[in-house]
Structures are given as C-alpha cells and as structure tokens.
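Heads up: the structure comes next, in structure tokens.
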Amino acid sequence: MDRLTSMAVFVRAVDLGSFAAAADAFEMSGPMVGKHVRFLEERLGVRLLNRTTRRQSVTEAGQAYYARCRVVLAEADAADAVVADELSEPRGRLRVTMPALLGRHCIAPLLMKLARKYPHLELDLSFGDPIADIIEAGYDLAIRTGDLDDQSGLITRRIAGQRMVVCGARSYLRANGKPKSLDELTAHQAIIYRRSGRVRPWLFPQDSQPPREIVPSGRLRLDDMEAIADAAAQGMGLAWLPYWLVRERLNSGALVGLLAGQGEFLYDCHALWPRSPRMPPKLRAAVDTLAAALPKLMK
C-alpha cells in the first residue's frame, strides 16, 4: 500500500471519529479503511487506534503519529502546489507600485515584455513616491531603492544594485576643470537632488568603512533626477546620478563620466510583496523576470 495514502486515511479517520465517515470521505469501503490503518500499525509495530463496535479512541502512540502525519501531509500538499504553480500560466491582475523614473525607464519595459509573453496577465502599474503600506493599499508588488523602512508582513528580495556616477558636460569641465579626487568635488558647482525637504548626500564606498558622504553645494536644487541630468547636460554643474539614467548621454558625449578610479556606490533595489503561504504564478513570474533582467539594465 502507499504509505502517504494510508497516512491520509488514518488522519481522516481520527478527524471524523469513525472508519465509516472516513470511507465516505475517500469513497472507499469501510474494510479498506481498516486495511490502511492496519498497514500502518504493522509497519510501525504499535497500535494506533483502539476500536470497538461502539467507539473509537486514539492511543498515545496514535496521537503522536497523527500529529506528525498532519505535518507530512501538509508538506506534501505544499510540494504539489509549488509544482502546480510552476506549471500554471501567470494570469489575472498584477498591481505594482514603483519609483517613477526607475519604473518608466527600467521596470515597466520588463513587465510589458512579460505581459506580451502571457496574454492572460493584466498589469496595473503605479509610478510615484513609495506607498507607506502596500498591503493596505492592495498592491501585489512594490519596487524600492535604498534603505527599506518597516517590512512587517512583507517578503523582500534584492533584485539589483543601482550604480551611481558623477558626471558633467564638456562645457562645464572646460570652464571649471575636472575634479581629480573626492576632495576636489567640494570646489565645484553641483546640481543638488532635494527630496522631501532634505538634500541627499553623494556617497562613495570605502574599504571596510562606511561610505564617505559629500554634501554637494550649488545654485540649483531639483527634486527630479531627469531634470538634474538635463541641467548637467546644459553645463549647469556636476551631477551624481544612476548610471541607467545617464547611459545614453554618456555614450553620446552629452555628459562625461568623472572620477573613474573611484568606486561607485550601489543603491540596492528590492522587490517587496505581502507574505502568504503560496506565491501566485503572476507574482513569481514578475519577480523572477526583474531579478534576471534588471541588473543588466543597471550595469
């Protein structure tokens, strides 16, 4: 006999309180239920159930075995569910929230490609400031960069590292010279990224030490990184920006990368989603797609 089936029959007989009820549940005969239980008892060498014509009771050994059987059966069901999810095509609506620029340039194109692959997948994408509580807001997935706030009730997965580069226009560099070290940055005009009233420092990795922070100074303070890239290309100062945002400007010569010998800071990019026993195929496909393709876009 199959041991897993016999375990399931035994658990159901205990749950329902009789062989007859278990037989109805499994659509088998009462004697067949008895055979499954006897198979387990003979294999274990102990009695699991005491049974008379009027009542049924579980022995001490049967109680311990019952508890473990429930765990084993639950794990078997979970294993089946994992395979079923792997074979199931992503479908239904997927609600995703993400930073606006990163979303438009990197995240959305990858999710659009995924939607083209799976015609039953629907996308509901939100671009903007991080949502404080994605569970309350009803999102399936959130993409965030930098340090994470409260993650209670959420699962997180690092999906990429966002390279930060210092750059400037040739016209600015001809007029002001190139900084050759971090110390020289403070003598230059910077285009400052200000968000929520706070100036974000420029960060540079150091061996076995916390990153070095340089607080930029300059005449321009903007709260949009693409506007900063545009201002830098117009010669208004130096900028510290994600590589994926300025890649085309660097390749075309509109901007020049600086401090090539200095290590580049990486802002972690994470996927977050509500904790649940099973990960829906649509969510798994989205996270796996981003984890596989996003790092290549940020190199």
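The values are calculated or read from the model by the stated rules, or taken from the named source; none is laboratory data. Treat the numbers as computed from the prediction; the structure is a model and nothing was measured. Positions of Cβ are generated from backbone atoms using ideal geometry, with glycine treated the same way; all protein chains shown enter the neighbour counts. Only protein heavy atoms, including side chains, enter the accessible area calculation; ligands, DNA and RNA are left aside. Shrake-Rupley method; radii C 1.70, N 1.55, O 1.52, S 1.80 Å.
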Query raised in the report: If you go through the stretch 140-166 one residue at a time, how many are within 10 Å of the chain's Cα centre (by Cα) and open to solvent by 60 Å² or more (accessible area, probe 1.4 Å)?
Result: 2
Report summary line: Reported set for the stretch 213-232 where residues are open to solvent by 40 Å² or more (accessible area, probe 1.4 Å), outside any strand (DSSP E or B) and touching a Lys or Arg at 6+ places or on another chain (Cβ under 7 Å) is Asp223
Query - Exclusive hit being touching an Asp or Glu at 6+ places or on another chain (Cβ under 6 Å) and in contact (Cβ under 8 Å) with a residue 60 or more places away in the chain, set Leu294, Leu255, Leu283, Leu272 - result: Leu283
Report task. May I ask you to list pairs of residues, at least six apart or on different chains, whose Cβ atoms are under 8 Å apart, with the first in the stretch 30-56 being at positive phi and the second being part of a loop (DSSP other than H, G, I, E, B) and surrounded by fewer than 14 Cβ atoms within 10 Å (Cβ to Cβ)? Result -> none
Query raised in the report: Out of curiosity, is Leu101 in a helix (DSSP H, G or I), of a type outside the set (Ser, Thr, Tyr) and either more than 16 Å from the chain's Cα centre (by Cα) or surrounded by fewer than 13 Cβ atoms within 10 Å (Cβ to Cβ) (or both)?
Result: yes
Report task. Hey, could you check the stretch 237-280 for residues that are under 23 Å from Asp140 (Cβ atoms) and in a loop (DSSP other than H, G, I, E, B) and say which is most open to solvent (accessible area, probe 1.4 Å)? Result -> Arg275
**Report entry** Counted residues, the stretch 110-139 - those being assigned to a loop (DSSP other than H, G, I, E, B) and open to solvent by less than 90 Å² (accessible area, probe 1.4 Å)
**Finding:** 6
Report summary line: Contact list, first residue from the stretch 195-217 and in contact (Cβ under 8 Å) with a residue 12 or more places away in the chain and farther than 12 Å from Gly263 by Cα, second anywhere and among the aliphatic types (A, V, I, L, M) and part of a loop (DSSP other than H, G, I, E, B), beta-carbon distance below 8 Å, six or more apart or interchain, is Val199/Val215; Pro201/Val215; Trp202/Val215
Requested in this report: Quickly run through the stretch 167-193 and pick out the residues that are exposed (fewer than 14 other Cβ atoms within 10 Å of the Cβ) and at negative phi.
Outcome: Arg170, Ser171, Arg174, Ala175, Lys180, Ser181, Asp183, Glu184, Thr186, Ala187
Query raised in the report: Would you pick out the residues in the stretch 184-206 that are modelled with pLDDT of 90 or more and out of contact with any strand residue (DSSP E or B) (no Cβ under 8 Å at 6 or more places or on another chain)?
Result: Glu184, Ala187
